[in-house]
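> Below you'll find the structure I mean.
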Amino acid sequence: MSLRLYDTSTRTVREFEPLKPGRVGLYVCGATPQAAPHIGHLRSGVIYDQLVRWLIRSGYEVTFVRNVTDIDDKILAVAADTGRQWFAVAEGNQRIFNRGYDALGCLPPTIEPRATGHVPEMIVLMRRLVERGHAYNVGDDVYFDVKSWADRYGSLSNQKLENMRSAGDTPNEDLKHDPRDFALWKGAKPGEPTWETPWGPGRPGWHLECSAMATKYLGDTFDIHGGGVDLIFPHHENEIAQAQAAGDGFARYWMHNGLLTIDREKMSKSIGNVVYLDDLLQQVRPVEARYFLVAAHYRSTIDYTPGAIEDAATAYRRIEGFLVRAAEVLGEVKVSADLPPAFVAAMDDDLGVPQALAVLHETVRTGNTALASGDNEAAREAAAEARAMAGVLGLDPFEWTSAADDLRPVVDALVHVALEQRQAARARKDWAAADAVRDGLAAAGIVVEDTPQGPRYDIRRG
């Protein structure tokens, strides 16, 4: 079975056929960095990283474009409220986004373009729309004429034009030909940054930038456009309208990830239930946070609760524990060149990560049984397959390092001394002394496990 993806535009799961054999162009709406990212933003980063990893594993060369909206009403509002420069707000928060992506093991995009660096492309796109009769200017503002595209507008979000409300994206609503028309360009206002255009100075509207940047780097027609379900309307609907009204084919597949809730409520600063990555990393390691964010199907809503986080961490530790034990018993375990057919089938079925993880965990159970029985050949095979699957999901424990790992040799030496003392106490049947050593290690976060190959330890996480 080849890769199939759910396409929002057709509301069906479609076989994926790239525009160019062996190559994939992917555009994902990135951050509008008016504030630091919460874990819902980072879920999107992990999901599209998972898509990129699977496309690469499937043999595709991927051009991955993830934009940054570094000029926006919200950024300007934060700058005004805090007395900071608008570009300092955007750049400072974008750096936090990128640190979050890095912490969660996301591969970097091929390019991460900024909106402010692509005004010339936006001017060209607006000119094409004006010349085709799909856009008009009122003073320094430029608007897309929704009625000129009425037979297609609303197709992505499955809405009818007559049921839509005003775009509400400018204080000059009364100057529009129709209240549902949306701003391509916003005329200059006192204290705001501006760029010169044939229609006057101003700054980009939110939707214009993505159409301009996507086609600049991926061509007039490209394979996949992704983002959160909250972007379907109006953002992605407007992107399609702009691009196709100008004569571009634009995206051939539309992917949208589900959102993240907190105890089944939408995250909101007004409610005070926003969870940031640093909050999450106080409970679990980055790799365990990644497991939580990727484990549910990408189109589903996931709910953040302390129990859900701990369940995810426990599940990951089963994978990690087996692979670490296998390496201790068998030596270095190489990554299998092949993946189990059931794993491949799950991933090819609209990125079925939950089913793929089930295959991985079954392999871990098989491997643990083989280790316990001394069947090293079967254990090695299971470990090689488990590493391959974990690697595809960005969860291979041997690919994750941290500052704590640099101290592991020192910890190993100290714990080894304590375990020798414990073994000596057990040999002379001084069970109280042996238990005291074990309890002391446990109090320090060192978990000791007695195995047929002798005692082993791990550091308690979370």
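The values are calculated or read from the model by the stated rules, or taken from the named source; none is laboratory data. Quantities reported herein were computed from a predicted structural model and do not represent experimental measurements. No Cβ is skipped: glycine too gets one built from the backbone with ideal geometry, and neighbour counts run over all protein chains shown.
> Within the range 125-151, which residues are in a helix (DSSP H, G or I) and in contact (Cβ under 8 Å) with a residue 12 or more places away in the chain?
Taking the range 125-151 first, the residues in a helix (DSSP H, G or I) are 125-131, 146-149.
Passing the criteria: L125, M126, R127, R128, L129, V130, V146, K147, S148, W149.
> Do you know which residues across the range 131-141 are surrounded by 19 or more Cβ atoms within 10 Å (Cβ to Cβ) and within 20 Å of T215 (Cα to Cα)? It would help to see each step written out before you state the result.
First pass over the range 131-141, keeping only residues surrounded by 19 or more Cβ atoms within 10 Å (Cβ to Cβ): 134-135, 141.
Of everything in the range 131-141, those that are surrounded by 19 or more Cβ atoms within 10 Å (Cβ to Cβ) and within 20 Å of T215 (Cα to Cα) turn out to be H134, A135.
> Right, next: For a quick check of your reading of the model, give me the residue pairs whose first member lies in the range 295-310 and is more than 17 Å from L51 (Cβ to Cβ), whose second is in a loop (DSSP other than H, G, I, E, B) and among the basic types (K, R), with beta-carbon atoms closer than 6 Å and at least 6 apart or on different chains.
Cβ pairs passing all conditions: D303/R264.
> Any chance the range 341-351 includes a residue that's at pLDDT below 95 and either assigned to a loop (DSSP other than H, G, I, E, B) or buried (at least 23 other Cβ atoms within 10 Å of the Cβ) (or both)? Steps first, please.
Step one: list which residues in the range 341-351 are at pLDDT below 95, which gives none.
Looking through the range 341-351, none of the residues is at pLDDT below 95 and either assigned to a loop (DSSP other than H, G, I, E, B) or buried (at least 23 other Cβ atoms within 10 Å of the Cβ) (or both).
> Every residue in the range 303-322 that is closer than 29 Å to V13 by Cβ and either surrounded by fewer than 21 Cβ atoms within 10 Å (Cβ to Cβ) or touching an Asp or Glu at 6+ places or on another chain (Cβ under 7 Å) (or both), please.
D303, A308, D311, A312, A315, Y316
> When only residues in the range 218-261 that are within 25 Å of L161 (Cα to Cα) and charged (D, E, K, R) count, which is farthest from the chain's Cα centre (by Cα)?
D248
> Something else now. What number of residues in the range 204-224 are outside any strand (DSSP E or B), among the hydroxyl-bearing types (S, T, Y) and either surrounded by fewer than 17 Cβ atoms within 10 Å (Cβ to Cβ) or not assigned by TED's automatic domain parsing to the domain that holds V28 (or both)?
First, the residues of the range 204-224 that are outside any strand (DSSP E or B): 205-220.
Now drop any that are not among the hydroxyl-bearing types (S, T, Y), which leaves 211, 215, 217.
So of that shortlist, the ones also either surrounded by fewer than 17 Cβ atoms within 10 Å (Cβ to Cβ) or not assigned by TED's automatic domain parsing to the domain that holds V28 (or both) come out as none.
Residues that pass the stated criteria total 0.
> Do the conditions hold for E310, that is, is it under 29 Å from N376 (Cβ atoms), assigned to a helix (DSSP H, G or I) and out of contact with any Lys or Arg (no Cβ under 8 Å at 6 or more places or on another chain)? Steps first, please.
Working: under 29 Å from N376 (Cβ atoms): no; assigned to a helix (DSSP H, G or I): yes; out of contact with any Lys or Arg (no Cβ under 8 Å at 6 or more places or on another chain): yes.
In short, no.
> The conditions are (1) farther than 13 Å from Y291 by Cα; (2) assigned to a helix (DSSP H, G or I), and R317 fails exactly one of them. Which is it?
(1)
> Now, a different point. So in the range 174-203, with the set limited to residues that are of a type in the set (D, E) and surrounded by fewer than 13 Cβ atoms within 10 Å (Cβ to Cβ), which one is nearest to A243 (Cα to Cα)?
Restricting to residues being of a type in the set (D, E) and surrounded by fewer than 13 Cβ atoms within 10 Å (Cβ to Cβ), the top hit is E196.
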